[in-house]
Amino acid sequence: MGIFFKLGWFFKKEKKRYLIGVAFLALTSIINLVPPRILGLMADQLDKGHISWQEYATLILAIVLAALVLYAFRYFWRRQIWGGAAELELQMRSKLFEHFMEMDRTFYQRHRTGDLMAHATNDVSAIQEVAGEGVLTLVDSLLMSVTTMVAMIVFVDWRLTIVALIPLPFLAWGAWKLGDQLYGAFDESQAAFSRLNNKTQESISGIKVLKTFGQGKEDTEAFNDMVNDTIKINKRVFKWDSLFDPLGTLLIGLTYTITIIYGGLLVSHKALSIGQLVSFIAYIGNMVWPMFAIGYLFNILERGSASYDRVEKLLDEKPEITDQHADQSLQAQDIAGDLKYQVKSFAYPDEPQIPVLHNIDFTLKTGQTLGLVGKVGAGKTTIIQLLLREFDKYDGKITLNGHDIREIPLNVLLRQISYVPQDNYLFSTSIQKNIAFSDANSDESAIVSAAKKSDLHNDILQMPGGYNTLVGENGVSLSGGQKQRMSIARALLKQSQILVLDDALSAVDAKTEMAILESLSKEREGKTTLIATHRLTSVMNADLILVLKDGQIVERGTHDQLLAENGWYADMWQRQELEAKVGE
């Protein structure tokens, strides 16, 4: 029953709704006593051999009226209790989604997408069942049990009631024992579902890679192995859950046996009438549901409790990147200025003993362009991640107009940065809406202008639906170059103070690259731009170029200055120039 205490915050908030629902449930249980009592009276009259058609019609009418009243009462309690369950589901899903939006990079490194989806769907549904089916089963079974027992005592015989209900304590004891086993089994079952969900999501997302490498059969076998493991775990749940029904059936059968034997003796000794015995047997029929409900209830409660603990464990995690030390008075105009890096060292949280950046020190004036070049793993993306505040724990500081970015509210800082990552993500909607994602209030002319600046406009006009063309999941219908240019258009539409391109031109040809860079130089006049790239032509016009190696700056200067140094940059420039000529 601990899950009801865990959900106490919700029941307290919705107490009016549940009190009304429980009241109608109680009335339903009371009205349920009417038909068995009428059947008993009818049996007694038939046994005496004198019942008129008028009396017979009256009794039948009473049963029909009771059924109509039951219909109305059931409607009202269902509306209240199921409405409460739906409200809990809404609140839990909203709370989880808001939590996902607040969490930072490290959270998503710890949790896989499929697992998070399982929490937001399967676990929330199990919790919602507690507030609906769970409340109904608990209250209805208790009320029906109590009212039926009272009716047995008042309308039939207290001795027969006590003797017939002797099996009930054994049912309660068995349910308690089985419930302990069910909690652990359900917890393992929900975790297994998360793993299976994650595997499915991963395989579908990577279906192109699987097919390209001919690994479809192997992945299917791995999936089937995981399904078999999940089934084995669920079999344990079914094993404990399946013991409830046989236990209830056994004890109900025992109750009927006791009733027939002892009740028959009472009738033979004239201590009980035939009608009373008929009513009593009908009342036992009312007790069948409460007995079976115990098993059903424990099933719901243990599953809900295990799921609630899993969700709460997730919600208890706190983001590492917060506005705890932020100056809330800072506005966009306060941070419009020079960008300055003074980072002595930085290491990723999962490998704190291995620094990936050393002595990163540079200043970028407002309106200037910075180029970050170097081999894979040199630290280009890491420098960008620190600016985006994906990590805050580093030795040193990064400032905008003299303000440490860790003291700038996140919503103020990130609104002034447009970011085009290496892996472009597009939503399953139209081209127009994908570009307008950075500014939903943009008009069509602004969207078209952004597409022209990223050299995408002509490509869009050739598509069947133009700007209304659906791109498919993550832009599946577009080429790699079109995805990159759409992401650039999205970033340009935002009109931010800082534009970050992280290897964002790798999928376009040299001609398209030059066209985009020319548009950027005009568009970004007076605004700061950071370009991390492997293609040196992307940064040849930058005001400052940093060459990185093993997380350190090994060369710095303009394009001409770096060529004159005859270092890594000059060597790589000559190689790429040669490759371009060979390609031509």
(message) As a test, work out the antiparallel percent of DSSP beta bridges whose residues both lie in the chain, rounded to the nearest 5.
(response) 55
(request) Would you mind ranking 394, 256 so that the residue whose beta carbon has the fewest other beta carbons within 10 Å leads the list? (result) 256, 394
(request) Could you list which residues have their amide H under 5 Å from that of residue 545, counting only those 5 or more apart in sequence or on another chain, with H placed in the peptide plane? (result) 371, 557, 558
(message) Expected output is a single nm value to one decimal: the length gained when fully extending between residue 191 and residue 71, i.e. 0.36 nm times separation in residues minus the C-alpha distance. What is it?
(response) 39.2 nm
(message) Need one number: nm distance between label points at residue 511 and residue 415, each 7 Å from Cα along Cα→Cβ, rounded to one decimal.
(response) 4.2
(request) For the chain, state the semi-axes of the equivalent ellipsoid (square roots of 5 times the eigenvalues of the alpha-carbon gyration tensor), sorted largest first and rounded to whole angstrom. (result) 73, 24, 23
(request) May I ask for the net charge around residue 197, where only other residues with Cβ less than 10 Å from the Cβ of residue 197 are counted and Lys, Arg are +1 while Asp, Glu are -1? (result) +1
(request) Enumerate the amide H contacts of residue 347 below 5 Å, restricted to partners 5 or more residues apart or on another chain; note that Pro and chain-start residues carry no placed amide H. (result) 356
(request) Report the FRET efficiency, 1/(1 + (r/R0)^6), for residue 323 and residue 110, where r is their Cβ-Cβ distance and R0 is 22 Å, rounded to 0.05. (result) 0.50
(request) Please compute the net charge surrounding residue 271, taking Lys and Arg as +1 and Asp and Glu as -1 over other residues with Cβ under 13 Å from its Cβ. (result) +1
(request) In nm, give the distance between the simple-model label positions of residue 23 and residue 261, each being 7 Å from the Cα along the Cα-to-Cβ direction. (result) 4.6
(request) First measure r as the distance between the Cβ atoms of residue 397 and residue 163, then evaluate 1/(1 + (r/R0)^6) with R0 = 56 Å and state the FRET efficiency to the nearest 0.05. (result) 0.10
(request) Subtract the Cα-Cα distance of residue 439 and residue 462 from 0.36 nm times their separation in residues, and report this length gain in nm to one decimal. (result) 5.8 nm
(message) If you take every residue apart from residue 77 with its C-beta less than 12 Å away from the C-beta of residue 77, what net charge results, scoring Lys and Arg +1 and Asp and Glu -1?
(response) +3
(request) Once you have the Cα-Cα distance between residue 117 and residue 571, take 0.36 nm times their residue separation minus that, and quote the gain in nm to one decimal. (result) 158.6 nm
(message) Using a 10 Å cut-off around each Cβ, can you sort 452, 494, 581 from fewest to most neighbouring Cβ atoms?
(response) 581, 452, 494
(request) Sticking with the crude label model, points 7 Å out along Cα→Cβ, report the distance from residue 469 to residue 316 in nm, one decimal please. (result) 5.1
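Here, each number is a calculation from the coordinates, and none is a lab measurement. Keep in mind the model is a prediction, meaning the values are calculated, not measured. Please note: Cβ atoms are built from the backbone with ideal geometry, for glycine as well, and neighbour counts cover all protein chains shown.
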